[in-house]
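Enquirer: Sharing a structure here in structure tokens format.
The values are calculated or read from the model by the stated rules, or taken from the named source; none is laboratory data. Quantities reported herein were computed from a predicted structural model and do not represent experimental measurements. Ideal geometry is used to build each Cβ from the backbone, glycine not excepted, and the neighbour counts take in all protein chains shown. Just so you know, the surface numbers come from the protein's heavy atoms only, side chains and all, with ligands and any DNA or RNA stripped out. Shrake-Rupley method; radii C 1.70, N 1.55, O 1.52, S 1.80 Å.
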Amino acid sequence: MLCRLACRIAIPALLIGCATFAQAETAAGAEQWESSAWWLNRAVDYARKIEDAEARSHANYNLAYVLADKGDFDRALEAASEVIGPQVRVYAFGRIAKLAHEHEGKATCDKALQIARETAIPAQNISADAHMVRLYFELDRSDEAAAFAAALPGGPQKRYAYQVVADELAKEGRIDEAIAVVHDHKPATARDSGYASIAKACAETSRFDRAIELAEKVEKVKSRDAAYDYIAEKLICAERLTEGKAIALRIQDERKRFERLAHHLSASVKREQEAKSIDDAMAEAATREEKIAVGMLKLDELIEEREIEKAEALIVSLVKIVEDSPREPRVSKFGTFDDSLEIAKIKAGYLKTARLLKEAGDEAGAKDRVAKAIAAVEAVTSPSLGRVLLSSELVRSQAALGDREGAQASASLFETDLMLSNATSDVAAACILSGQVSQGMELAQDVVKQPNCAYGARRVATALIHVERFDKLAEYLPLVPDTGHDVRAFRGIAQELVKSGNVRRLDPLLANHPSDAARTQACLGAYDQLRAK
């Protein structure tokens, strides 16, 4: 009898105790999930478990930056020591040196700087060399910058490092010393480009009089034009428009001169005080480049005012300007830029009028305008970054208009896996956000099959978070690659979870994920977002 009575008392007490414990555990979990430090410590722990050397290096590179920013230099040095690529290793230790210097940690600064130097000198990597030179100047150690350049192997690597030394001296106002460095360490045939580089450095720090003086002494037209173009750009950006235009007129290359003058005219419209009206600027525009630059500003104004008929008339007139004043194709590292690309950029305005027509209930009109934009993009035959960007805009517009099939067809215009993945993710996300989750997830499978899918994977995951389909998110995350740059997707996805108030969802998602590299990045993402609050 006493035993049964005891049980009647003990069992409810035990249940109450269990409930209290569970509540306490939940409260403790919630408190931890809101702690940026807790997530950072987990990132460090996960990084130590990564077996693949390259993946471990990538994770520790990110950790070195985060820990150094936090002032945790011991763990930052430990993380940086795991970084194996010479260039990124220099960046990691350089970051530690810079932040330790700011925190008056001379010993740590010296140690990190020495390791970065020892890594850079034999690496034969000009980016690492330039980084070291600039770092020495940031740390007020210009003498060591020159000594570093002197210690490098001869040839282009050494000459480039000395050019960076000269540029940094010029930025500090030590222009005569900069000129002496170029004179002493560059061959006579390369000094023109060296002086032009110093002129640009002067312009970057608003020493415009010296910049112009140096540019005037450059003999080679190409180098002198490059200097004048940069000086004009900086003057225009500083709202010294009259001076900027005067320097732009000195540029001998016709296309470059026209483009900089178009920049000047656009700036005169956008200027906050004493702004020129767009209509006045259009009347003043003399060259094709000026007319198009200002015309595109007018087009945006008309779209904002929902003046569809006037906007489309302007598109027609701008296309005619291009057709009446043809230009030779221009080739750069970003591809070929020709008149067909210029026309396609103008006709992309039809995507904006399509949106307005769709909002007004004119479905047929919207489809007609999209078709015009598609035809213009398809007419661009030369590969270029401009064509890729236009194709991406086309896909996003079609997806936003609800034309899933059309968006998928436009995605086929891409030549690169990266842009195809991005375009497909835009369509997938649009489907998910419109309630067509199954169709969106079908497309999402294709996104992660392509290399360089970090943006696309994050885009899909963000859409799933937005519609609160965490079940589908849990299924999707293990499909996202955890190697190379693709692993960055997990950092971004975690940031989206925290931003949307769903940090509690992250822990169980990580518990079911097989990759420590992915877990590391996700914990860093949670840390980033919580610290930013």
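Enquirer: Going Cα to Cα from K372, which lysines come in below 19 Å? Please leave out same-chain ones fewer than 8 positions away.
Expert: Those lysines meeting the cut-off are K310, K320, K345, K347, K352, K358.
Enquirer: Counting pairs of alpha carbon atoms under 8 Å apart in space and at least six apart in sequence, what relative contact order in percent does segment 70-207 give?
Expert: Numbers: 161 pairs, mean separation 22.4, N = 138.
Reported as a whole number, the value is 16 percent.
Enquirer: What does the charge dipole of the chain about its Cα centre add up to, to the nearest 20 debye, if the Cβ of each Lys and Arg holds +1 and the Cβ of each Asp and Glu holds -1? Show your work: numbers first, answer last.
Expert: Working: 73 positive and 83 negative charges, 144 e Å.
Dipole of the chain, to the nearest 20 debye: 700 debye.
Enquirer: Now, a different point. Would you work out which of V269, L314, F337 lies farthest towards the positive end of the dipole of segment 187-346, given +1 charges on the beta-carbon of Lys and Arg and -1 on that of Asp and Glu, about the Cα centre?
Expert: It is F337.
Enquirer: Related question: Nearest 500 deg cm²/dmol is fine: what mean residue ellipticity at 222 nm does the chain get from its DSSP H runs of n ≥ 4 alone, each adding -39,500 (n - 2.57), divided by its residue count?
Expert: Theoretical 222 nm ellipticity from helices: -24500 deg cm²/dmol.
Enquirer: Now for a separate question. Roll a 1.4 Å probe over the protein heavy atoms and report the accessible area of T119 in Å², nearest 10.
Expert: Roughly 30 Å² of T119 is accessible to a 1.4 Å probe.
Enquirer: Could you name the aspartates and glutamates in cross-link range of K499, using Cα to Cα under 19 Å and dropping any fewer than eight places away on the same chain?
Expert: E31, E34, E468, D471, D507, D528
Enquirer: Could you give each residue of segment 356-362 its phi-based ³J(HN,Hα) in whole Hz, using Karplus coefficients 6.51, -1.76, 1.60 with θ = phi - 60°, and x for Gly or Pro?
Expert: These are the phi-based 3J(HN,Hα) values: 5, 5, 4, 5, 8, x, 8 Hz.
Enquirer: Evaluate the charge dipole of segment 431-504 about its Cα centre and quote only its size in Debye, nearest 20, assuming +1 on the Cβ of each Lys and Arg and -1 on the Cβ of each Asp and Glu.
Expert: On the way: 9 positive and 8 negative charges, 53 e Å.
Value, rounded to 20: 260 debye.
Enquirer: Okay, next question. On a 1.4 Å probe surface of the protein chains, which of K499, K222, K298, K70 comes out largest in accessible area, and what is the full order?
Expert: I get K222, K499, K70, K298, largest accessible area first.
Enquirer: If you count only protein heavy atoms and use a 1.4 Å probe, how large is the accessible surface of Y46, to the nearest 10 Å²?
Expert: Estimated to the nearest 10 Å², Y46 gives 30 Å².
Enquirer: Something else now. Would you mind counting up the charge near I126? Only other residues with Cβ under 13 Å from its Cβ, with Lys and Arg at +1 and Asp and Glu at -1.
Expert: +2
Enquirer: Below 8 Å, C-alpha to C-alpha, sequence gap of six or more: please give me the relative contact order for the chain in percent.
Expert: Across the chain, relative contact order equals 10 percent.
Enquirer: Here's something else I'd like to know. Can you list, bin by bin at 5 Å, the percent of alpha carbon pairs in segment 137-240, starting at 0?
Expert: 2, 14, 24, 23, 18, 11, 5, 1, 0
Enquirer: What is the P(r) of the chain, as percent of Cα-Cα pairs per 20 Å bin from 0?
Expert: 17, 38, 37, 5, 2, 0
Enquirer: Could you work out what % of the accessible surface of the chain is carbon and sulfur, using a 1.4 angstrom probe and leaving DNA, RNA and ligands out of the count? Please report the intermediate quantities before stating the final value.
Expert: On the way: 13340 of 26090 Å².
So the carbon and sulfur contribution to the accessible surface is 51 percent.
Enquirer: Using a 1.4 angstrom probe and counting only protein chains, how large is the accessible area of K106 in Å², to 10?
Expert: 130
Enquirer: Send over a whole-number figure in Å² for the accessible area per residue of the chain, probe 1.4 Å. The partial results should precede the final answer.
Expert: Details: 26090 Å² over 533 residues.
Ligands and nucleic acids excluded, the result is 49 Å² per residue.
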